[in-house]
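Here's the structure we're looking at; comments come further down.
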Amino acid sequence: MKKVAIIGVGHSRFGERQDVNVRELAFESVKPALEEAGLTPRDIPYVSVGSIGVWYEEPLPAVAVAEYCGLTGVGLTRVEAACATGSAAVYSAYTAVASGYVDISLVIGVEKMREVDTFTAVELMGRAGSYLWEFENFGLTFPGYYALYATAYMNRFGASEEDLALVAVKNHKYGAMNPLAHIQREITVEDVLSSYVVAWPLKLYDCCPITDGSAAIVLASEEKVKELKIDTPVWIAGIGSSSGTGTLSYRSDFIGLDAAVKASRIAYKMAGVEPRDIEVANVHDCFTIAEIMAYEDLGFCDRGEGFKMVREGQTEIGGRIPINIDGGLKAKGHPIGATGVSMMVELTKQLKEEVKPSSRQAPMKNYVALAHNVGGTGHYCYVTILRR
Amino acid sequence: MSEMPTLPSRKLEISYHIPINKTKKFWDGLREGKIYGVKCRKCGKLYFPPVADCGECYSSEMDWVELSGEGEVLTFTHIIIRPTSFQDQQPYTVAIAQLKEGVKALAWLKDVRRKDIRIGMKVKMVPRISEEGRITYEFKPAEKKE
């Protein structure tokens, strides 16, 4: 397989973006990504678009977005992997270049979730999993899926609601430093504990917001990187993908996500690194419990120890491994199709030491970063390792 | 919703007609007060919810097996913020239980105060016709054996 680099990134402001439609929102990311790579739409042979859709009017978002960005005629795919859709779109574009089939590809992640009301968004997300057996009669919501894990995890390992709240407090701290984040405001443990219950034991501030946003990256082969004289390419060193059952009751336990364990082991092996080599990471904190399980699934600590890493500040800047220092899904927001691509944009900037403000820059020694993007409740998982 | 100018799209109401031909005995069973799983005749794997084809050994020879419904709560949540199509329901408790026969099941847990629910509590899964007339099943606290 050929080496593949990220040579251009773009990222829209995340938030309630009813000032733009899906095409215009995608354009906000595609333009800077192509500009940074020094390319025009005519140079792009393959585009992979990650978007769930259903909450906005266009059923064929890839076509709508490609047309608007002057990419009509390009080889085009739309990808779905629930909340890991963005990473799945990266995977598709990565394999196209790694295989030698094309030498350049473009990934666009975009989601417009605020065109429907909150309860409809809750319904559309809740239906995604095992509709017939877990939604039709039982109305299980997406916060509900993770709440089932939170209840089991807390009971098993003795983590408290305060421990979960600390994840939100940390990620809001960094979100407040990120001008592109949906919620740029610090919160306290008390704010989290006193917010209303969404799906017990998860409260409003345990949950990521419903967000609009887009992100884009340009990928290129090693030959193209040389030809284009790219200064600081960031290499995709490893990608792992795995999946879990749709029906939760088919699973063996509710304290971790098997798909994340498997995907990460594939990615580590491919990149030739171990968990202790990772210097900065973005993990899928759609809910506070999800970030804690992610530490354990990724091997950053043993099972049942994740909440202690947060307690001890090990995942803040200055700690053992800074995690979600762009605010994470929790504060930056989670525009589903864009999230995985947004992780690549953030980590590319971290690896290039270009993060602004620089107080949000992780210290780098060996330049190894990891993105962990979960679809559903471990229905899908993608782990991507980047190196400079 | 935002104050930005928007154009409301045309409305579309969708209801899917989900085929249950191959699992009809399960739905008929609920009406008769029974809860069925299926067991693969070839590899012996027991499934709940039931399936027509075994994903383990690819056999389609399945036997219907009545389940006791007896089990223990593994985890639970109270759904306070409900989806659009559950807005007319009061907040509900969803639990996953380990059934005696070895499979797990997910359903609403009813007839128990929220503060009395514990992981490990004994429950029984029973069929129920909902207020809307849908055939479903739910957990109830198991009868205490004297």
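Observations on the structure shown:
- Residue-wise HN-Hα coupling along region B:40-50, computed from phi with Karplus coefficients 6.51, -1.76, 1.60 (Hz; x: Gly, Pro): 6, 5, 7, 9, x, 5, 9, 10, 9, x, x
- Seen from residue A:332, the other residues with C-beta closer than 10 Å to its C-beta sum to a net charge of -2, counting Lys and Arg as +1 and Asp and Glu as -1.
- If you wrap the tightest convex hull around every Cα atom of region A:232-290 and split its volume per residue, you get 127 Å³.
- Normalising by residue count, chain B has a Cα convex hull of 186 Å³ per residue.
- Listed pairs A:112/A:170; A:3/A:226; B:39/B:110 exceeding 18 Å between Cα atoms: A:112/A:170; B:39/B:110
- DSSP bridge pairs, chain B: antiparallel proportion in percent, nearest 5: 95 percent
- When only alpha carbons are used to place a centre, region A:232-254 and region B:1-71 end up 25 Å from one another.
- Peptide ranges A:320-329, A:266-275 listed from the most packed, as the mean C-beta count within 10 angstrom indicates: A:320-329, A:266-275
- Sequence-distant aspartates and glutamates (8 or more away, or on other chains) whose Cα lies within less than 20 Å of residue B:42: B:53, B:56, B:61, B:63, B:66, B:101
- Test item: B:47-55 mean partner chain Cβ contacts at 10 Å: 2
- Every helix of 4 or more DSSP H residues in chain A counts as -39500 (n - 2.57), and over all residues that averages to -11000 deg cm²/dmol at 222 nm.
- For chain B, calculated [θ]222 nm from helices alone, where every DSSP H run of n ≥ 4 adds -39500 (n - 2.57): -1500 deg cm²/dmol
- Relative to the Cα centre, the charge distribution of region B:68-141, modelled as +1 at Lys and Arg Cβ and -1 at Asp and Glu Cβ, gives a dipole magnitude of about 240 debye.
- Cα pair distances in region B:19-66, grouped into 5 Å bins until the bin that holds the longest one, percent each: 5, 26, 32, 21, 12, 4, 0
- Positive contributions from Lys and Arg (+1) and negative ones from Asp and Glu (-1), summed over other residues with Cβ under 12 Å from the Cβ of residue A:135, come out at -1.
- Per-q log10 I(q)/I(0), chain A, q = 0.09, 0.11 Å⁻¹ (Debye; single scatterer per alpha-carbon; no solvent): -0.45, -0.69
- For the protein assembly as shown, A:69, A:83, A:207, A:208, A:286, A:301, A:381 stand unpaired, since no other cysteine beta carbon lies under 4.7 Å from theirs.
- When DSSP beta bridges are restricted to pairs lying wholly in chain A, around 75% turn out antiparallel.
- Direction-averaged projected area, Cα convex hull, region B:68-141: 5.0 nm², rounded to one decimal.
- Note on region A:309-388: Rg/Rh from C-alpha atoms, Kirkwood Rh, equals 0.95.
- With 0.36 nm allotted per residue and the present C-alpha distance subtracted, the residue B:113-residue B:70 stretch has 13.5 nm of extension available.
- Neighbouring partner chain Cβ atoms per residue of A:155-162, average, 10 Å criterion: 1
- Listed by chain and number, the lysines whose C-alpha is less than 16 Å from the C-alpha of residue A:349, apart from same-chain residues fewer than 8 away, are A:332, A:365.
A short reminder: the numbers here are calculations on the coordinates, not readings from a lab. Bear in mind that the values here come from a model prediction, so they are computed numbers and not experimental data. No Cβ is skipped: glycine too gets one built from the backbone with ideal geometry, and neighbour counts run over all protein chains shown.
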